[in-house]
Amino acid sequence: MKAHHKMLIGILTGTVAGLTANALAGKAAWLDWTVSNVASPVGQIFIRLLLMLVVPLLFAALVMGVADLDLKQVGRLGARTLGYTIVFSTISVLLGLVLVNIIQPGANLSEEARALAKQGTHVKAAPPPSETSFGAVLMSMVPTNPIKAAADGDMIGIIVFALIFGLGVALTPTESAKHLRDTIQGLYDVMMKLIDGVLKLAPYGVAALLFAMTAKLGLSILGQLAAYVGTVLLALGLHMFVVYSLSVRFLGGRNPIEFFRDCRLAIVTAFSTSSSSATLPTALKVAEENLKLPPNVSRFVLTAGSAMNQNGTALFEGVTVLFLAQVYDVPLNLQQQALIMFICILAGIGTAGVPAGSIPVIAMILGMFKIPVEGLGLILGVDRFLDMCRTTLNVTGDLAAAVYVARGEPNTQADAGQPAGSPHSS
């Protein structure tokens, strides 16, 4: 049985079992104990195993991707990836804002649903962007200590260091540098082998994660916030299946149906883990083995995209801010909504690719526009489910970007014939 089929079985098993347990046992003590001491730990161990491999894999993949390029390719790939990210992040946020203004999901929310906000946990807001200058933001991207950046989960810092290190490897023609390149390639190969092993545990980890979520929440919370959840899902679905299909067809020159079929394993992994970073290893595997993209291009674009190309996150943040503004009857004019869109685009580039990484950013935006931050209590109950959906869009966007960037490289066809994971030299 294929890996994505096993994971789908895990998704269905965990969801059905969790909903059944919630319906039959409800608030029973034994169910709380099972969720807290069995299902949740098993699911979190699966995510931790994936996250454990992300930093060494990201470093090795990006160093090898850059080392196998010439300097002109590095600049071209970087410019095309960044341009794609900005354009499609803008489209995603604009799509979300248009839909939330048309549907008005927060306009007629019941008082019972509003009361849920009082039960919400306090969220520490991210620092507002106005406190730092553009120059300071640029400086913060360059880590003074790459090991500390790795320990802190500073993906942008790790990416910048790996880019610089890869350039150094490419520019050093000595024999020892060649041995270092072989060592880093070996590190990449080992990480991919470990990923294969972790993915064998995926059906169990996925089932445990979804059981823990559905056993606690059931479907009641979705019913109370149906208009909001529906608006977010509609926006995510349109962006994924319409916008990205057009991108893959006209910018990537591929059949969208074949693209989504080839990406199934990465899509299911993203949905189940709610983490772009945890899905990165699977996305790299899919890009090289299923999409047959050049290894140097896929490693460069996907590692950078896992931290920066967060279209689903940007869209979700914009919809949520306007939804809560409607709930609390806070009027926002077009200029303010444009500012929200701009902040969401920037936040989508910088938001951590981990579960619930966007919540502090939303809290920051709410505070900027005098929208009650405690309103986040309304969405925390459904955030896990929506996080799974927006992460799926984020990862699909990374792969669509890789398809677009790879098409413009003159060596694409030559590389496509190479075995996946084989070293490539431009």
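The one condition from (1) out of contact with any helix residue (DSSP H, G or I) (no Cβ under 9 Å at 6 or more places or on another chain); (2) in a helix (DSSP H, G or I) that Lys27 does not meet is (2). Of all the criteria given as (1) touching a helix residue (DSSP H, G or I) at 6+ places or on another chain (Cβ under 8 Å); (2) among the acidic types (Asp, Glu); (3) without any contact (Cβ under 8 Å) to a residue 60 or more places away in the chain, the one not satisfied by Asp329 is (1). The condition (being under 18 Å from Ala406 (Cβ atoms) and not polar (S, T, N, Q)) is satisfied by just one residue among Leu291, Leu322: Leu291. Checking the stated criteria, Pro331 turns out not to satisfy the condition of being on the phi < 0 side of the Ramachandran plot, at pLDDT below 85 and surrounded by fewer than 24 Cβ atoms within 10 Å (Cβ to Cβ). Remark: pairs (first residue in segment 17-34, closer than 22 Å to Pro203 by Cα; second residue open to solvent by 80 Å² or more (accessible area, probe 1.4 Å); Cβ separation under 7 Å; 6+ apart in sequence or on different chains) = Leu19/Leu219.
Among residues of segment 179-203 that are buried (at least 17 other Cβ atoms within 10 Å of the Cβ), those with a beta-carbon under 9 Å from a residue that is assigned to a helix (DSSP H, G or I) and of a type in the set (S, T, N, Q) at least six positions away or on a different chain give the pairs Ile195/Thr282; Leu199/Thr269; Leu199/Thr282; Ala202/Thr269; Ala202/Ser272; Ala202/Thr273; Ala202/Thr282; Pro203/Thr13. Condition first: within 24 Å of Pro56 (Cβ to Cβ) and either part of a helix (DSSP H, G or I) or over 17 Å from the mean Cα position of the chain (by Cα) (or both). Can you find one or more residues in segment 246-258 that meet it? For segment 246-258, residues within 24 Å of Pro56 (Cβ to Cβ) and either part of a helix (DSSP H, G or I) or over 17 Å from the mean Cα position of the chain (by Cα) (or both): absent. Scanning segment 289-303 for residues that are open to solvent by 10 Å² or more (accessible area, probe 1.4 Å) and assigned to a helix (DSSP H, G or I), we see that the one that is farthest from Ala61 (Cα to Cα) is Glu289. Scanning segment 54-109 for residues that are open to solvent by 20 Å² or more (accessible area, probe 1.4 Å), assigned to a loop (DSSP other than H, G, I, E, B) and modelled with pLDDT of 85 or more yields a count of 1. Of all residues in segment 297-313, those satisfying the criterion of being under 15 Å from Val243 (Cα atoms) and either among the small types (Gly, Ala, Ser) or at pLDDT 80 or above (or both) are Gln310, Asn311, Gly312.
When Pro143, Pro173 are checked against the criterion of being closer than 22 Å to Gly305 by Cβ, outside any helix (DSSP H, G or I), open to solvent by 20 Å² or more (accessible area, probe 1.4 Å) and modelled with pLDDT of 80 or more, Pro143 stands alone in meeting it.
Of the residues Leu19, Leu8, the single one that is of a type in the set (A, V, I, L, M) and under 22 Å from the mean Cα position of the chain (by Cα) is Leu8.
Checking segment 366-375 against the condition returns a match, with at least one residue being closer than 14 Å to Tyr228 by Cα and open to solvent by less than 30 Å² (accessible area, probe 1.4 Å). Residues that are open to solvent by less than 30 Å² (accessible area, probe 1.4 Å) and modelled with pLDDT under 75 were ranked within segment 346-365; the one that is farthest from Gln310 (Cα to Cα) is Ile359. Among the residues of segment 249-262, just one is surrounded by 21 or more Cβ atoms within 10 Å (Cβ to Cβ) and either among the basic types (Lys, Arg) or modelled with pLDDT under 95 (or both), namely Gly252. Of the set (1) at pLDDT 80 or above; (2) outside any helix (DSSP H, G or I), all apply to Ala402 but (2).
The values are calculated or read from the model by the stated rules, or taken from the named source; none is laboratory data. Remember, predicted model here, so these are calculated numbers, not experimental data. FYI the Cβ positions are ideal-geometry reconstructions off the backbone, even for glycines, and counts take in every protein chain you see. Just the protein is used for accessible areas: all its heavy atoms, side chains included, with ligands, DNA and RNA removed. Shrake-Rupley method; radii C 1.70, N 1.55, O 1.52, S 1.80 Å.
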